[in-house]
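The values are calculated or read from the model by the stated rules, or taken from the named source; none is laboratory data. Just so it is clear, the model here is predicted, and its values are computed rather than measured. All Cβ positions, glycine included, derive from the backbone under ideal geometry; neighbour counts span all protein chains shown.
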């Protein structure tokens, strides 16, 4: 009698996907764009007191978290902004969510 494998949680399936994605060349498809954007932010903000330069690989990891491994959205909208059903853009533009204050806190003098 075969035992049924335990049901994996969504997080566990996401972890499996990321582990497999490391060796999948399509996960490198945004590297140039990510590096270009991060370099631009770093160049623009380098004279700002307290600014710590961004690491493009950290930003790439954020994209992986947003999209998940092997999601078709990786090819079009890896940050998920504007993806049907994702509240991110509406929250950002509404000004009502706490995320907005976090987004702009970095630019304020404390």
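Assorted remarks:
- Scanning the range 22-31 for residues that are under 15 Å from the mean Cα position of the chain (by Cα) and part of a helix (DSSP H, G or I) turns up 27, 28, 31.
- Pick from the range 55-77, criterion loosely packed, with under 12 Cβ neighbours inside 10 Å and more than 16 Å from residue 26 (Cα to Cα), ranking: modelled with the highest pLDDT: 55
The rows are residues; the columns are (1) assigned to a helix (DSSP H, G or I); (2) on the phi > 0 side of the Ramachandran plot.
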position	(1), (2)
16	yes, no
36	yes, no
48	no, no
53	no, no
58	yes, no
70	no, yes
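- Qualifying positions in the range 53-70 - under 21 Å from residue 13 (Cβ atoms) and in contact (Cβ under 8 Å) with a residue 24 or more places away in the chain: 60, 63, 64, 68, 69, 70
- Qualifying residue in the range 78-95 (condition: at pLDDT 80 or above and either in a helix (DSSP H, G or I) or in contact with a strand residue (DSSP E or B) (Cβ under 9 Å, 6 or more places away or on another chain) (or both)): no
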